[in-house]
1. Could you please find all residues in the stretch 39-74 being open to solvent by 20 Å² or more (accessible area, probe 1.4 Å), of a type in the set (Asp, Glu) and in a helix (DSSP H, G or I)?
2. Can you tell me how many residues in the stretch 50-79 are modelled with pLDDT of 90 or more and out of contact with any helix residue (DSSP H, G or I) (no Cβ under 9 Å at 6 or more places or on another chain)?
3. Looking at the structure I just gave you, is HIS48 touching a strand residue (DSSP E or B) at 6+ places or on another chain (Cβ under 8 Å) and on the phi < 0 side of the Ramachandran plot?
4. Output the number of residues of the stretch 74-129 satisfying the condition of being on the phi > 0 side of the Ramachandran plot and of a type in the set (Asp, Glu).
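The values are calculated or read from the model by the stated rules, or taken from the named source; none is laboratory data. Just so we're clear, the structure is a prediction, and the values are computed from it rather than from any experiment. As a convention, Cβ positions derive from the backbone with ideal geometry for all residues, glycine included, and neighbour counts pool all protein chains shown. Just so you know, the surface numbers come from the protein's heavy atoms only, side chains and all, with ligands and any DNA or RNA stripped out. Shrake-Rupley method; radii C 1.70, N 1.55, O 1.52, S 1.80 Å.
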Amino acid sequence: LEKAGLAEITADVDRLDTERYIRAVLSADPRPTALVGLSDTRAAQAIHVARELGLEIPVDLSITGFDDVDRVLIQSLSLTTVRIHQDRIAHAAIEELLNFTMDAPPIKRLVPSELVHRGSVGPPPMTLL
């Protein structure tokens, strides 16, 4: 984002406040051209709010999720998402727990993931100056 000259806006929003926050973000001027959900469920909430506001996905707004767990939800929304390999995460967690000691340094593990492109992302909308 920085290389492209764009600003990243992040928020730690309570689950109950998610839709209200999304509505405020999408009503701002200028409105963002893309949202990245912390999970596919949050991305689905964003799609719901965006559609209520009359926005067309992905023409007016691109939305992505993260986890690729709920296949029915994802496919019904044609949601682009990052697929995580839960079995690999589980194996890494179990391995770390089995080898855990109180004096162990903090753990950092990278687990492969993949971007699954579906229909919820597109080029940013054209703006007239």
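1. Within the stretch 39-74, GLU52 is the sole residue that qualifies.
2. 6
3. no
4. Number of matching residues: 0.
Conditions tested, residue by residue: (1) surrounded by fewer than 10 Cβ atoms within 10 Å (Cβ to Cβ); (2) part of a strand (DSSP E or B); (3) free of Cβ contacts under 8 Å to residues at least 60 places away in the same chain; (4) not acidic (Asp, Glu).
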| residue | (1), (2), (3), (4) |
| --- | --- |
| SER76 | no, no, yes, yes |
| ARG83 | no, yes, yes, yes |
| ALA90 | no, no, yes, yes |
| GLU96 | no, no, yes, no |
| LEU115 | no, yes, yes, yes |
| PRO125 | no, no, no, yes |
